[in-house]
Amino acid sequence: ATYYADPVKHMDVVRWMYNRRFDGEMPVKGQSLEQLRGAEGLRMKALYQQYADQYHVEWNGRMYNRDEFETQDPIQQLLTIGNKYLYNVCHAVISGLGYSPAIGFIHTGTMRSFVYDIADLYKHEYVIPLAFEMCANGQVDFSEFRQKLRGIILQKRLMPVICTDLKSMFGG
């Protein structure tokens, strides 16, 4: 809450998260939150398109509608399932370490704003590639997708990574 309330510390956390997302490829110092959001949007559009091209999956942009899950195409369904799974893992770590899931720095206005902030650090590595890979096979099995995602999360030790990142984000 201290970092959220202090405008300088708040932007330090925002820039830390975007620097992590951009993997140092784009300078974040001096950029406003709006500029960083715009750059992140372009990065994600390009990433989705890259995987769509690589796996030959039809892609018309990310379209999430919680009320119409069954009518969405398989790639949208897999991304939704994967993101929700990732949100739950992030929520567990955030709460377990005593942080507030509701106090977001980029996302705001929900009881899971900080969960969304943290999950966005890992979607590109855990959820998106697996969703496109499984969709490319033609047979979409949600249970198999969840099992594979869980396996990757355990193999890459995501929970300790989140712990380390949270400590680093707030200055150790």
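Starting from the Cα of residue 56, step 7 Å toward the Cβ, then list every residue of the range 134-172 with an amide N under 20 Å from that point. Within reach of a label on residue 56, which here means backbone N under 20 Å from a point 7 Å along Cα→Cβ, the range 134-172 contributes 134-141.
Using the structure shown, list the pairs from 9/29; 123/167; 84/148; 45/123; 123/156 with a Cα-Cα distance above 18 Å, or answer none. Mind showing how you got there, number by number?
Values: 9/29 13 Å; 123/167 20 Å; 84/148 15 Å; 45/123 13 Å; 123/156 13 Å.
Listed pairs above 18 Å: 123/167.
Just check the range 1-77 against the gyration tensor rule for me: Cα atoms, a ≥ b ≥ c as the square roots of the eigenvalues, rounded for a/c under 1.5, and otherwise prolate or oblate depending on whether a/b exceeds b/c. Cα axes put the range 1-77 in the oblate bin.
Want the number for residue 20 to residue 143: 0.36 nm per residue separation, take away the alpha-carbon distance, what's left?
Details: separation 123, 0.36 × 123 = 44.28 nm, distance 3.04 nm.
Answer, rounded to one decimal: 41.2 nm.
Express the relative contact order of the range 1-95 as a whole percentage, based on alpha carbon pairs under 8 Å and six or more residues apart in sequence. Display every interim value, and only then the final one.
Details: 30 pairs, mean separation 11.8, N = 95.
This gives 12 percent for the range 1-95.
With the charge dipole of the range 56-172 set up from +1 on Lys and Arg Cβ and -1 on Asp and Glu Cβ about the Cα centre, the Cα lying farthest toward the positive end among the listed residues 102, 74, 135 is that of 102. Of (1) 24.9, 73; (2) 25.4, 99; (3) 16.4, 49, which one was derived for Rg and Dmax of the Cα atoms in Å from the structure shown? Comparing each candidate, only (3) matches the computed number. Helix 7-22 versus the longest principal axis of the chain: what is the Cα-based angle in degrees, 0 to 90, to the nearest 10? Helix 7-22 sits at roughly 30 degrees to that axis.
Per residue, the chain exposes 55 Å² of accessible surface when a 1.4 Å probe is rolled over the protein heavy atoms with every protein chain present. For the range 1-133, the share of accessible area belonging to carbon and sulfur comes to 52 percent (1.4 Å probe, ligands and nucleic acids excluded). For the range 23-40, backbone phi angles converted through the Karplus equation (6.51, -1.76, 1.60; θ = phi - 60°) give residue-by-residue couplings of 6, x, 6, 9, x, 9, 5, x, 8, 7, 4, 5, 5, 5, 4, x, 5, 5 Hz, Gly and Pro being listed as x.
The values are calculated or read from the model by the stated rules, or taken from the named source; none is laboratory data. Here the structure is a predicted model, which means the values were calculated and not measured. Cβ: placed from backbone, ideal geometry, glycine included. Neighbour counts: every protein chain shown. Keep in mind that these areas ignore ligands, DNA and RNA; they rest on the heavy atoms of the full protein, side chains included. Shrake-Rupley method; radii C 1.70, N 1.55, O 1.52, S 1.80 Å.
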